[in-house]
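First the structure, in the form of structure tokens, and then the observations on it.
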Amino acid sequence: MTAPTAHDSPQKTGWIEVIAGCMFSGKTEELIRRIRRAQIARQKVAIFKPGIDDRYSADHIVSHSEARLLSVRVESSADILRLAGDAQVVGIDEGQFFDMGIVEVVEELADRGKRVIIAGLDQDYRGKPFEPIPQLLAVAEYITKTLAICVVCGNPADRTQRTTEASERVLVGAKDSYEARCRRCFQPPKT
């Protein structure tokens, strides 16, 4: 299901929107687009990113196409709950880098009547579910799955291929170490 429009938005309640997909699929770009529309509607927004994400900017969420919005870096999901204040719309980028408490945080924010939009990788470089995104998908009212283009064959891609030998699950800031791949061209690591 796609994000709600002005005509079908829930009234007098909050909700959760999850934008999930592989790297280079436009997740952050879509998050920025939705937040900008909320700003145009003169809604109060609060935007957060995990402290670990310092790739392009310390104080902005930034897409690979260099679209950007001012944001606050936080160390834990609990910080979001504390800092959201009177925002009507809460945007969260790189949801996969947050602790599992993010699920309770976004539910609490939605219960307080806020629109919560969170973007993140749904699979890691091994093709395995990347927590806490699967749990967020389960509690979201609206889900958008973004696809990239496979760099090998041009098909729609929903996997992130790591092109280095690094074995740690999280490898931040290594844009050149990943490619978008389709199901057929994706090669999971041997170990």
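The values are calculated or read from the model by the stated rules, or taken from the named source; none is laboratory data. All values reported here derive from a predicted model rather than from experimental measurement. Using ideal geometry, Cβ is built from the backbone for each residue, glycine included, and neighbour counts are taken over all protein chains shown.
Residues being out of contact with any Pro (no Cβ under 9 Å at 6 or more places or on another chain) and at positive phi are entirely absent from the range 88-103. So which residues in the range 73-91 are in contact with a Lys or Arg (Cβ under 8 Å, 6 or more places away or on another chain) and surrounded by 15 or more Cβ atoms within 10 Å (Cβ to Cβ), if there are any at all? Residues satisfying the conditions are R73, V74, A84, A87, Q88, V89, V90, G91.
Every test in (1) modelled with pLDDT of 95 or more; (2) within 9 Å of F48 (Cα to Cα) is passed by G101 save one, and that test is (2).
Within the range 120-165, being over 15 Å from the mean Cα position of the chain (by Cα), modelled with pLDDT of 95 or more and of a type in the set (S, T, N, Q) holds for N155, Q161. Pairing residues of the range 83-100 that are under 19 Å from R68 (Cα atoms) and of a type in the set (S, T, Y) with residues that are part of a loop (DSSP other than H, G, I, E, B) and at pLDDT below 95, at Cβ distances under 9 Å and at least 6 apart in sequence or on separate chains, gives no pairs at all. Only one of (1) surrounded by fewer than 20 Cβ atoms within 10 Å (Cβ to Cβ); (2) out of contact with any Pro (no Cβ under 9 Å at 6 or more places or on another chain) is not met by G21, so which one is it? Against the list (1) surrounded by fewer than 20 Cβ atoms within 10 Å (Cβ to Cβ); (2) out of contact with any Pro (no Cβ under 9 Å at 6 or more places or on another chain), G21 comes up short only on (1).
For R42, are the conditions met, namely being out of contact with any Ser or Thr (no Cβ under 9 Å at 6 or more places or on another chain), without any contact (Cβ under 8 Å) to a residue 40 or more places away in the chain, farther than 29 Å from A180 by Cβ and of a type outside the set (G, A, S)? Considered against the rule, which asks whether it is out of contact with any Ser or Thr (no Cβ under 9 Å at 6 or more places or on another chain), without any contact (Cβ under 8 Å) to a residue 40 or more places away in the chain, farther than 29 Å from A180 by Cβ and of a type outside the set (G, A, S), R42 comes out as yes.
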